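Right, one structure below, let's go through it.
The values are calculated or read from the model by the stated rules, or taken from the named source; none is laboratory data. Just so it is clear, the model here is predicted, and its values are computed rather than measured. Methodologically, a virtual Cβ is constructed for each residue, glycine included, from the backbone with ideal geometry; neighbour enumeration extends over all protein chains shown.
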Amino acid sequence: MNRFCLLALATITGFMATAQDKTVKEIQSTAQRTIADDTAHKKGWKTGGIVSINIGQGGSHNWAAGAEKFSFSTAAFLNVFANIKDGRRTWTNSLALSYAFVNASSTGVRKTDDKIDLLSKVGYGLNPKFDLSGLVNFRSQFTDGFEYNYFGKGLQHRISGFFAPAYLVVAPGFTWHPVSYFSVFASPVSARFVFVTNDPYSYVGPNGNLPTGERETPLAANYGVDTIRKVKVEVGAFASAEFNKEIFKNVLLKSRVDVYSNYLRAKRLGDVGDGKARPQNVDVFWTSVLAMKVNKWLTVNYNFDLIYDDDVRQFGPNKTSAGTQTRTLLSVGFTTKF
């Protein structure tokens, strides 16, 4: 009887061990397949994105040190992508939209962020790290932007808007992607179109003559665009580098820098001299988002944008010089991925 019990126990234990081992292997196999599906895009469409909404409010009453009686701010951004892969052929698309404003009792509503950025790239793999590629990039903004103390006279002057300006780059070239989270696209010859089609003059006074005697500069001229043609065509070299990785646990960094060198002669506001082409004056567009996840829904976001455009002459003592433009936004709010 004892021998029978021991034999039965051994048989049951062996069966349970075999079943458990099979279950463990199935779990491991499923986990590995899930990880592979999440990190490797082999074929077909892959889509997703992230949306974030941030809101802030402040107020004061009889505050001796001085503060806004009321302020309200909100910021939102949407980042989506749709990519397809079929053998050596790829097509990647990304759209970044952002908008933010602050409403303060002393100044009213003023925007602090406004961006439309669409990037589409097709590629054909020459080897695991190099693709023959073609890229199209469009950038603009949603609403008007203003200078609120024009000529130091307290005048509100429109300095930007939807399609004022807008940039379109069409570039054939090569893409180098040594790792999954970093890539560089380069094009020795590309076309860039700069549009100012939305109210290219934007004068405050009649025909650009202010009552104080100053003569206004047309909005389009600030971006090197002729007010009659409303579009400027450039030919030059273009390069774009992208980085997208979780650099620490729950900390994601997404960054892109574009550079452009115009081979053609360009008439820039405030230029003096021979008017020759200046390809060494490279235009730079750099945008970065650092997202720090607090929990499932709450994140801290830091946005940084830097632009240097040699044709944008709105800076300096006489408002006729190029300058480095920067914009930052730190926000806390609701974020979700899909």
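Figures for the structure shown
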item	result
Near pairs, Cβ below 8 angstrom, 6+ apart or cross-chain, from segment 42-67 (farther than 30 Å from Ser180 by Cβ and without any contact (Cβ under 8 Å) to a residue 24 or more places away in the chain) to any residue that is part of a loop (DSSP other than H, G, I, E, B) and not hydrophobic (A, V, I, L, M, F, W, C)	Gly58/Glu68; Gly59/Glu68; Gly59/Lys69; Ser60/Glu68; Ser60/Lys69; His61/Lys69; Ala67/Ser60
Single match in Ser261, Ser240, Ser331, Ser321 (criterion: among the small types (Gly, Ala, Ser), under 22 Å from Val170 (Cβ atoms) and touching a residue at least 40 places away in the same chain (Cβ under 8 Å))	Ser240
All positions within segment 128-153 that are in a strand (DSSP E or B) and more than 18 Å from Leu95 (Cα to Cα)	Phe130, Asp131, Leu132, Ser133, Gly145, Phe146, Glu147, Tyr148, Asn149, Tyr150
Residue match in segment 272-287 (condition: more than 16 Å from the chain's Cα centre (by Cα), over 27 Å from Asn198 (Cβ atoms) and not in a loop (DSSP other than H, G, I, E, B))	no
Qualifying residue in segment 92-99 (condition: in the same structural domain as Leu329 (by TED's automatic domain parsing) and surrounded by fewer than 16 Cβ atoms within 10 Å (Cβ to Cβ))	no
Of all residues making up segment 291-338, the number that are surrounded by fewer than 19 Cβ atoms within 10 Å (Cβ to Cβ), of a type in the set (A, V, I, L, M) and within 30 Å of Pro218 (Cα to Cα)	3
Verdict on Tyr124 being hydroxyl-bearing (Ser, Thr, Tyr), crowded, with 17+ Cβ neighbours inside 10 Å and over 23 Å from the mean Cα position of the chain (by Cα)	no
Hits in segment 168-188 (condition: touching a residue at least 60 places away in the same chain (Cβ under 8 Å) and closer than 30 Å to Val225 by Cβ)	Val169, Ala171, Gly173, Phe185
Extreme residue, surrounded by the most Cβ atoms within 10 Å (Cβ to Cβ), among residues of segment 207-227 that are in a loop (DSSP other than H, G, I, E, B) and of a type in the set (D, E, K, R)	Glu216
Segment 60-74, subset at negative phi and small (Gly, Ala, Ser), residue modelled with the lowest pLDDT	Ala65
Given (1) assigned to a strand (DSSP E or B); (2) at pLDDT below 90; (3) surrounded by 14 or more Cβ atoms within 10 Å (Cβ to Cβ); (4) not basic (Lys, Arg), number of the condition Ala266 does not satisfy	(1)
Identity of the residue in segment 293-338, among the basic types (Lys, Arg) and in a loop (DSSP other than H, G, I, E, B), that ends up nearest to Ala100 (Cα to Cα)	Lys296
